[in-house]
Structure formats: structure tokens, C-alpha cells
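The values are calculated or read from the model by the stated rules, or taken from the named source; none is laboratory data. These figures come from a predicted structure and were not determined experimentally. Virtual Cβ from ideal backbone geometry, glycine too; neighbours counted across all protein chains shown. Please note that ligands, DNA and RNA were not included when accessible areas were found on the heavy atoms of the full protein model with its side chains. Shrake-Rupley method; radii C 1.70, N 1.55, O 1.52, S 1.80 Å.
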Amino acid sequence: MRFHVVIPARYGSTRLPGKPLLEIAGRPMVQHVVERACASGADEVLVATDDARIAAAVHDPRRPGVPIAVMTEAGLPSGTDRVAAVARARGWSDSTVVVNVQGDEPFLPEALIDQAVALLDRDAAAGIATLATPVASLEELLDPNAVKVVVSRGGAAMYFSRAPIPWTRDGAPAGLASQREFGGALRHLGLYAYRVGALRQITCLPPSVLEQREKLEQLRALEHGIRIAVAECIVPPAPGVDTAEDLARARHRVATG
């Protein structure tokens, strides 16, 4: 299946201002992400940004000299909206497939991009495909920053939450703090393959009730009946960069090979 990758990259960041341009091994973080995406089967890799400095910093090593940045409005509320803006600007049809790759994933295995696209290709009823990985610890299950997903037998997302789901009742006889079970829980990976028709639909809808409560925009799609196909990652995902500590670890990882 042919597909595009769009990497949303905004300069502003509460925890790491200018995050896309922070250097890892002498290259901006967003350029590392571009290179990972270019190693996938994508026909085209684009960066959606509102900042000229980011636009000037990125290039596709497969197409020297060809601009890959698409300028988007500064006021767009999310990366998903930036991807949708690129789809409009490029005139992509509803059946076109685009993958939203986060701009702070400099070590993302390219195999996961291809896996998400293949999953969408196999599931004709799905408008979106995404990936998950087993929760590795009780601390991760209870961490509200680790988004969990429950998946049906048919491979569709039933619910996403910051809460510890599924909850093993018998594993916590004395309440929340006494929980000892986390087996079978899945952590969601924020990588999405969209059919552009579904992408347009969700970005034209107002934020949903559950989305606003959980602060998870994928719940908008579920509340409006859009099927989200989910599969476990075929290779382990790599850590992203959200904090200064994450950045230091990323730099150390590259420096030590």
C-alpha cells in the first residue's frame, strides 16, 4: 500500500522549548525523525510546521534539495490538525493513507510505521490503525502519562484511558494502592495510520465528552463510531523525548552507539 508520512513539529513546548531543533549528535531531533520515516516504505515524508527555522532544518536524504516542510497555521490545536492541514493543502483523496509520526521520536523503528500501514490495509472497515505494546510494570499501569488501550477480539480499540485498564479486581483486594496485577494490559503507542477521509471527519468534529475528560483526542474517533484497528508492535518501540532528562538519555544513547 502506498502512503505518506507527516511529522507535526511545532517550536513551542512547555517542557522543552524549541524541542524539534534540539540537537542529538549534531542534528536537530526532528531531522532524526525524518530519517527514521524515510527508512520506511513511505512514498513521501513531510514535516508540518508553523516555524521557518524548523522548515529550514529538515530534508529528505533520498531527495536532496527538494523541500519537505509544509507551513501550517500557528493556532492549530494538535498535531492531528496539522496532518489534516497538509492533506488539504496537497489535495489528497479520502482513500489516501497518511501516517502521523510524532516529532519527538528520534529512534522510532521504521518497521512500526510499515506495520501500522499494513494493519490499516488488512482492515477495510478501519479508518485508523495504531499500535500498542505490553505494559511492563505495575508502575506503568498506574502511571496516568502511560495511555492504556483495551482491544476487542476482532482487533479494534474498545477504549483508551490514562486510568489503569483493564483493572484486575482480585489483584487489588484493598483498593487502588494494593493492585499487584498488570498482565494483559497494553500501552498505546502514539503512532497513527489514517485514511484521509477519517482524518477529515475527526478534525471537523468538535472535541467529544470523553476526549475532554481524558485529554485523549483518539476518543473523539471512538465516540463517533470510527473503527481503530490495533496490533501489538512487531519490534519494541523506542523511548521518545519529552523532558530534559529524556534528551540527555537520547544523546547518551547515540554517543555510546
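For segment 56-89, give me the residue count where each residue is crowded, with 18+ Cβ neighbours inside 10 Å and part of a helix (DSSP H, G or I).
Of the residues in that region, 10 qualify.
What number of residues in segment 1-55 are open to solvent by less than 60 Å² (accessible area, probe 1.4 Å) and either under 21 Å from Glu73 (Cβ atoms) or in a strand (DSSP E or B) (or both)?
Residues of segment 1-55 open to solvent by less than 60 Å² (accessible area, probe 1.4 Å): 3-9, 12-13, 16, 18-22, 24, 26, 28-35, 37-42, 44-51, 54-55.
From what's left, either under 21 Å from Glu73 (Cβ atoms) or in a strand (DSSP E or B) (or both): 4-9, 12-13, 18-21, 24, 28, 30, 44-51, 54-55.
Selection size over segment 1-55: 25.
Please go through segment 90-105 and give me each residue that is out of contact with any helix residue (DSSP H, G or I) (no Cβ under 9 Å at 6 or more places or on another chain) and in a loop (DSSP other than H, G, I, E, B), ordered by number. Reasoning before the result, please.
Applying the first criterion (out of contact with any helix residue (DSSP H, G or I) (no Cβ under 9 Å at 6 or more places or on another chain)) to segment 90-105 yields 90-91.
Within segment 90-105, just Gly91 meets the criteria.
If the Cβ limit is 7 Å and pairs must be 6+ apart or interchain, which residue in segment 240-256 that is on the phi < 0 side of the Ramachandran plot pairs with which residue that is open to solvent by 90 Å² or more (accessible area, probe 1.4 Å) and among the basic types (Lys, Arg)?
Filtered contacts from segment 240-256: Asp242/Arg15; Thr243/Arg15.
Regarding segment 182-190, can at least one residue be identified that is open to solvent by less than 90 Å² (accessible area, probe 1.4 Å), part of a helix (DSSP H, G or I) and closer than 23 Å to Val97 by Cβ? Can you show your working first?
The first filter runs over segment 182-190 and keeps only residues open to solvent by less than 90 Å² (accessible area, probe 1.4 Å), leaving 182-190.
Add one more test, that the residue is part of a helix (DSSP H, G or I), and what stays is none.
So far as segment 182-190 goes, no, none of its residues is open to solvent by less than 90 Å² (accessible area, probe 1.4 Å), part of a helix (DSSP H, G or I) and closer than 23 Å to Val97 by Cβ.
What residue, of Pro166, Pro206, Pro237, is in contact (Cβ under 8 Å) with a residue 24 or more places away in the chain and either assigned to a helix (DSSP H, G or I) or open to solvent by 30 Å² or more (accessible area, probe 1.4 Å) (or both)? Spell out the reasoning first.
On the way: Pro166 fails: in contact (Cβ under 8 Å) with a residue 24 or more places away in the chain; Pro206 fails: in contact (Cβ under 8 Å) with a residue 24 or more places away in the chain.
Selected residue: Pro237, the only one of Pro166, Pro206, Pro237 that is in contact (Cβ under 8 Å) with a residue 24 or more places away in the chain and either assigned to a helix (DSSP H, G or I) or open to solvent by 30 Å² or more (accessible area, probe 1.4 Å) (or both).
Hey, Leu108 hits all of (1) in a loop (DSSP other than H, G, I, E, B); (2) modelled with pLDDT of 95 or more; (3) over 18 Å from the mean Cα position of the chain (by Cα) but one; which does it fall short on?
Leu108 satisfies every listed condition except (3).
So which residues in segment 209-234 are surrounded by fewer than 21 Cβ atoms within 10 Å (Cβ to Cβ) and within 15 Å of the chain's Cα centre (by Cα)?
If the condition is that a residue be surrounded by fewer than 21 Cβ atoms within 10 Å (Cβ to Cβ) and within 15 Å of the chain's Cα centre (by Cα), then Lys215, Leu216, Glu217, Ala231, Glu232, Cys233 are the ones that fit.
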